[in-house]
Amino acid sequence: MVLSVLTYNASSGSDTAASGAGPSTAITGSSATNGAGNIVNLDGTPDLSGVAVNDIIWVNVSGVNINLSRITAVDDGADTVTTEDLTVLGGGVTWAIGGKRKTLENNTSKMDWEDSKAGWRFVFEAGTYSITKDIDPGVGDDTNGPVEFVSSDPGVVLPIFDITTNIRIFNLTVACNIIIDGIKGTRSSGGWPGSVLVRLAVSGNVLQLRR
């Protein structure tokens with residue numbers, strides 16, 4: 001089961017003005033604040049008519065807080081979205097819904113996959129994506145779906161995950177379900193000779209490799 005689909009483009013995407021899932025042209029603002037519970041108030045009277053449940057909102061919150069969160073309800077008239085888990089936004093932060101993201105690693109102080117949930121699909125268009133830290137989502141299950149890292153056109157488009165440090169591109173350290181489809185791993189510099197694309201560090205992982 002796929003809940004949310006986040007799209008990436010290494011050339012034209014943005015890490016600071018797109019969430020990857022939502023309207024094709026991102027809706028953005030400079031001051032998102034919390035309402036009651038997980039409700040997020042959006043500034044600038046944005047047009048939310050093209051925003052749907054399971055789209056993703058990105059917020060510019062540094063530290064250990066969440067940056068990417070699934071939208072569970074939309075109120076266009078009130079200019080709010082209810083999110084899965086955004087509760088601490090401080091005095092107001094920049095935000096975006098929709099568009100295409102550029103990298104997995106320039107999301108404020110966190111990697112995009114660190115916010116992922118079961119049923120999220122990360123879709124990569126053609127290009128090279130630099131990876132400097134083991135990708136270890138730690139989520140995905142039989143009930144809510146795996147976490148997927150896939151090409152926008154498997155079998156035709158091969159997005160490249162390139163490493164320049166001593167890492168494994170995917171290093172699964174806790175039990176999770178993950179799908180990797182049409183991703184090419186390369187080592188342009190650094191890394192170990194013979195570096196591996198995927199390492200399963202614990203029992204209980206379910207991995208599907210497709211090509």
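The values are calculated or read from the model by the stated rules, or taken from the named source; none is laboratory data. A quick note: this is a predicted structure, and the numbers were derived from the prediction, not measured. Neighbour counts are summed over all protein chains in view; Cβ atoms, including those assigned to glycine, are modelled from backbone coordinates with ideal geometry.
If a residue counts only when it is hydroxyl-bearing (S, T, Y), which strands (runs of 3 or more DSSP E) contained entirely in the range 47-104 have at least 1 such residues?
Once the strands (runs of 3 or more DSSP E) in the range 47-104 are filtered for at least 1 residues that are hydroxyl-bearing (S, T, Y), what remains is 68-75, 80-83, 93-97.
Out of the residues in the range 13-51 that are in contact with a Gly (Cβ under 9 Å, 6 or more places away or on another chain) and surrounded by fewer than 14 Cβ atoms within 10 Å (Cβ to Cβ), state the one that is nearest to G91 (Cα to Cα).
Per the criteria, the residue is S30.
How do the pairs read when you match residues in the range 4-16 that are in a strand (DSSP E or B) with residues anywhere that are surrounded by fewer than 20 Cβ atoms within 10 Å (Cβ to Cβ) and among the β-branched types (V, I, T), using Cβ under 8 Å and keeping only pairs 6 or more apart or on different chains?
Once the first residue is in a strand (DSSP E or B) and sits in the range 4-16, its partners that are surrounded by fewer than 20 Cβ atoms within 10 Å (Cβ to Cβ) and among the β-branched types (V, I, T) give Y8/T103.
Return yes when L48 is at pLDDT below 95, hydrophobic (A, V, I, L, M, F, W, C) and at negative phi and no when it is not.
The answer is no for L48.
Exactly one condition in (1) more than 18 Å from G20 (Cα to Cα); (2) in contact (Cβ under 8 Å) with a residue 40 or more places away in the chain; (3) of a type outside the set (G, A, S) is not met by D112; state its number.
Of (1) more than 18 Å from G20 (Cα to Cα); (2) in contact (Cβ under 8 Å) with a residue 40 or more places away in the chain; (3) of a type outside the set (G, A, S), only one is false for D112: (1).
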